[in-house]
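Peer 1: I am attaching a structure below and will ask some questions about it afterwards.
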Amino acid sequence: MAMKYDLRLVEAQVGASGARPGAARRSALERRALVSPGEAGSVAFNRRAFLKAASLPCLAACAGTVIGRHDALPVFAASLAEDDSQFTKEARFYEKQPYRKIKCKLCPRECVIDDRERGYCGVRENRGGTYYTLVHSRVVTAHVDPIEKKPFFHFLPGTVAFSIATAGCNVNCKMCQNWDISQVRPEQVRSSYAPPQKVAELAQQYNCPSVAYTYSEPVIFYEYLADCAEASHRLGVKSVVVTGGYIQQEPLQKLCHQVDAIKVDLKAYSEKFYKEVVNGELKAVLDGLVTIRKHGVWNEIVYLVIPTLNDSEAEFKGLAKWVKSELGPDVPLHFSRFHPEYLLKNLPPTPIETLERAKAIADAEGLHYVYIGNVPGHPAENSYCPNCHKIVVERAGYTVGTVHLRNGKCQYCQQAIPGVWRA
Ligand code: SF4
């Protein structure tokens with residue numbers, strides 16, 4: 001299919017560079033979506049309104065919905081205590097070892113940690129042979145975001161997610177957009193006390209049908225995530241996880257019973273890239289994707305295409321073949337545009353043609369839902385019915401237009417479109 005997109009939309013939105021939650025980088029469309037979560041939650045506004053929303057700058061500020069970053073979060077209790085006991089809870093996945101050492105079993109890194117030391121992620125500490133998370137309820141940023149920003153394209157389109165993060169990460173991606181919260185220890189960034197019940201209530205208050213665990217790496221705040229998911233489910237609010245997927249099998253299997261959707265950032269399809277650019281392992285992430293699929297949790301994959309590092313046709317083909325054979329053709333695959341960040345500022349943004357080539361290769365391999373991300377206005381942001389090829393969900397950037405689905409089926413030909421379509 002020939003691809004055409006409106007360059008004005010690219011210019012209007014590209015400054016957002018996808019996922020960074022900083023207010024200064026927020027795009028016009030995103031701000032618009034934040035003005036009124038209720039309105040953003042609608043999937044029924046007409047085409048004229050849709051195009052207008054996609055091309056006009058924001059006219060209003062979004063006080064009250066950008067909840068904060070690094071500043072004390074006004075909606076949470078002022079609790080920047082010196083004493084960290086309120087953020088400290090025993091970790092769930094570790095083994096005790098002789099001489100008060102412990103081995104962490106949360107992620108494949110399996111740090112072995114002496115008393116009074118921390119693991120690689122910097123947010124877990126051995127205290128006398130017992131292992132603790134230091135970031136339970138310790139939120140460093142909270143926003144109301146369009147679910148399309150995560151991105152989830154087949155999960156409650158047009159709704160907003162109450163999005164939170166703590167400090168820390170278990171890898172060190174050279175292209176990280178949120179390095180200022182992911183690559184720091186909890187004491188190095190301002191945080192607020194946000195217990196799980198409060199998170200669930202705030203999600204309700206802001207008309208968010210889901211809580212998103214995002215921005216940094218939710219694996220490292222696993223205990224907090226699990227408690228938030230439980231509290232949120234009690235109030236009828238879903239939970240979605242945005243993760244690099246570098247996690248051991250046992251915690252992942254348990255997580256699959258607690259959350260409603262998991263988006264995995266598959267950073268590349270080569271161990272070399274994972275070793276040199278991520279400081280992680282591809283195999284563990286691929287194994288995790290298979291586990292998520294087996295558990296039936298809604299899953300989408302994002303592949304950030306970085307010029308010269310993970311953009312070969314062989315890699316795109318290998319990835320698409322693997323997704324089709326191991327996960328099936330219905331898992332949405334987003335090829336996302338890279339913008340120079342963090343330790344990769346020397347590289348240019350991804351050419352649009354490269355993204356289109358990646359999509360063409362994945363389409364040819366038989367994947368049904370292949371998207372292009374961070375290119376607002378590109379036709380490959382829309383969802384197309386794989387049977388009749390008509391648009392079933394219309395998008396421009398983070399704005400959703402008309403949804404042509406009835407009970408999860410294409411309204412034109414009745415083809416079932418996989419996803420979670422109703423709140
Ligand atoms: S979660 Fe943190 S402490 Fe545990 S193995 Fe991974 S990096 Fe190490």
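Peer 1: Among the residues of segment 85-130, write down those that are within 25 Å of D180 (Cα to Cα) and among the hydroxyl-bearing types (S, T, Y).
Peer 2: Residues satisfying the conditions are S85, T88, Y120.
Peer 1: Are there helices (runs of 4 or more DSSP H) fully within segment 165-268 with at least 3 residues that are farther than 30 Å from P307 by Cα? List them. If you could, list the steps in order and put the result at the bottom.
Peer 2: Details: elements: 179-182, 196-205, 222-234, 249-256.
Filter on segment 165-268 gives 196-205, 222-234, 249-256.
Peer 1: Only one residue in L309, L304, L289 is buried (at least 19 other Cβ atoms within 10 Å of the Cβ), assigned to a loop (DSSP other than H, G, I, E, B) and among the hydrophobic types (A, V, I, L, M, F, W, C), so which one is that?
Peer 2: On the way: L304 fails: assigned to a loop (DSSP other than H, G, I, E, B); L289 fails: assigned to a loop (DSSP other than H, G, I, E, B).
That would be L309, the only listed residue that is buried (at least 19 other Cβ atoms within 10 Å of the Cβ), assigned to a loop (DSSP other than H, G, I, E, B) and among the hydrophobic types (A, V, I, L, M, F, W, C).
Peer 1: Out of Y132, Y120, which single residue is among the aromatic types (F, W, Y), within 10 Å of the ligand (Cβ to nearest atom) and surrounded by fewer than 24 Cβ atoms within 10 Å (Cβ to Cβ)? Walk me through how you get there before you give the answer.
Peer 2: On the way: Y132 fails: within 10 Å of the ligand (Cβ to nearest atom).
Step by step, each of Y132, Y120 is checked, and only Y120 is among the aromatic types (F, W, Y), within 10 Å of the ligand (Cβ to nearest atom) and surrounded by fewer than 24 Cβ atoms within 10 Å (Cβ to Cβ).
Peer 1: With the requirement that a residue be out of contact with any Asp or Glu (no Cβ under 7 Å at 6 or more places or on another chain) and under 20 Å from F221 (Cβ atoms), what does segment 86-102 give you? Quick ask: steps written out before the conclusion?
Peer 2: To start, the set of residues in segment 86-102 that are out of contact with any Asp or Glu (no Cβ under 7 Å at 6 or more places or on another chain) comprises 86-88, 90, 94-99.
Selection gives Q86, F87, T88, E90, Y94.
Peer 1: Follow-up question, since we're still on this one. Name the single residue that is surrounded by the most Cβ atoms within 10 Å (Cβ to Cβ) among those in segment 341-374 being assigned to a loop (DSSP other than H, G, I, E, B) and under 19 Å from the mean Cα position of the chain (by Cα).
Peer 2: Among those that are assigned to a loop (DSSP other than H, G, I, E, B) and under 19 Å from the mean Cα position of the chain (by Cα), it is N374.
Peer 1: Still on this structure, please answer the following. Quick check on my filter: what residues within segment 160-176 are surrounded by fewer than 24 Cβ atoms within 10 Å (Cβ to Cβ), away from the ligand (no atom under 16 Å from the Cβ) and more than 18 Å from I301 (Cα to Cα)?
Peer 2: K174
Peer 1: Filter segment 375-387 for residues that are in a loop (DSSP other than H, G, I, E, B) and in contact (Cβ under 8 Å) with a residue 24 or more places away in the chain; which is nearest to V160 (Cα to Cα)?
Peer 2: Filtering segment 375-387 down to residues in a loop (DSSP other than H, G, I, E, B) leaves 375-378, 382, 385-387.
Okay, now just the ones that are also in contact (Cβ under 8 Å) with a residue 24 or more places away in the chain, so 375-378, 385-387.
Values: V375: 20, P376: 18, G377: 20, H378: 22, C385: 24, P386: 26, N387: 29 Å.
Across segment 375-387, the extreme among qualifying residues is P376.
Peer 1: Further question on the same structure: Output yes when any residue across segment 333-341 is closer than 17 Å to Q177 by Cβ and modelled with pLDDT under 95, and no when none is.
Peer 2: Taking segment 333-341 and keeping what is closer than 17 Å to Q177 by Cβ, we get 334-341.
Keeping just the survivors that are modelled with pLDDT under 95 gives 341.
Taking every residue of segment 333-341 in turn, at least one turns out to be closer than 17 Å to Q177 by Cβ and modelled with pLDDT under 95.
Peer 1: Separate question: Restricting segment 119-150 to residues that are in contact with a Pro (Cβ under 9 Å, 6 or more places away or on another chain), part of a loop (DSSP other than H, G, I, E, B) and not β-branched (V, I, T), which is farthest from I301 (Cα to Cα)?
Peer 2: L134
Peer 1: Somewhere in segment 229-239, is a residue under 30 Å from L344 (Cα atoms) and crowded, with 16+ Cβ neighbours inside 10 Å? Can you show your working first?
Peer 2: Of the residues in segment 229-239, the ones under 30 Å from L344 (Cα atoms) are none.
No: segment 229-239 contains no residue that is under 30 Å from L344 (Cα atoms) and crowded, with 16+ Cβ neighbours inside 10 Å.
Peer 1: For segment 95-115, what are the residues that are farther than 13 Å from Y131 by Cα and more than 12 Å from the ligand (Cβ to nearest atom)?
Peer 2: Selection gives P98, Y99.
Peer 1: In addition: Please work out if R337 is touching a Ser or Thr at 6+ places or on another chain (Cβ under 7 Å) and farther than 21 Å from H389 by Cα.
Peer 2: Numbers: touching a Ser or Thr at 6+ places or on another chain (Cβ under 7 Å): yes; farther than 21 Å from H389 by Cα: yes.
When the stated conditions are applied, R337 passes them.
Peer 1: Residues in segment 388-397 that are closer than 21 Å to N374 by Cα and in a loop (DSSP other than H, G, I, E, B): how many?
Peer 2: We begin by selecting, within segment 388-397, every residue closer than 21 Å to N374 by Cα; these are 391-397.
Imposing the further condition that a residue be in a loop (DSSP other than H, G, I, E, B) reduces the set to 397.
Counting residues in segment 388-397 that are closer than 21 Å to N374 by Cα and in a loop (DSSP other than H, G, I, E, B) gives 1.
Peer 1: Further, regarding this structure: Looking at segment 219-230, I want the residues that are more than 13 Å from the ligand (Cβ to nearest atom) and have a partner that is part of a helix (DSSP H, G or I) with Cβ atoms under 6 Å, at least 6 apart or on another chain. Which pairs are those?
Peer 2: Cβ pairs passing all conditions: D227/P196; C228/P196; C228/V199.
Peer 1: Evaluate the following for I247: is it more than 17 Å from V171 (Cα to Cα), surrounded by 24 or more Cβ atoms within 10 Å (Cβ to Cβ) and not polar (S, T, N, Q)?
Peer 2: On the way: more than 17 Å from V171 (Cα to Cα): no; surrounded by 24 or more Cβ atoms within 10 Å (Cβ to Cβ): yes; not polar (S, T, N, Q): yes.
No: the conditions fail for I247.
Peer 1: Quick one: V259 ticks every box in (1) surrounded by fewer than 21 Cβ atoms within 10 Å (Cβ to Cβ); (2) over 23 Å from A314 (Cβ atoms); (3) in contact (Cβ under 8 Å) with a residue 24 or more places away in the chain bar one, so which box is it?
Peer 2: (1)
Peer 1: If L202 satisfies every condition in (1) of a type outside the set (D, E, K, R); (2) crowded, with 24+ Cβ neighbours inside 10 Å; (3) more than 16 Å from the ligand (Cβ to nearest atom) but one, which is the exception?
Peer 2: The single condition L202 does not satisfy is (2).
Peer 1: Pairs please, first residue from segment 398-418 and surrounded by 16 or more Cβ atoms within 10 Å (Cβ to Cβ) and part of a strand (DSSP E or B), second anywhere and at pLDDT below 95 and of a type in the set (F, W, Y), Cβ atoms under 6 Å, 6+ apart in sequence or on different chains.
Peer 2: These pairs meet every condition: G401/F50.
The values are calculated or read from the model by the stated rules, or taken from the named source; none is laboratory data. Just so you know, these numbers come straight off a predicted model, no measurement behind them. Every residue, glycine as well, gets a Cβ built from its backbone with ideal geometry; the counts of neighbours run over all protein chains shown.
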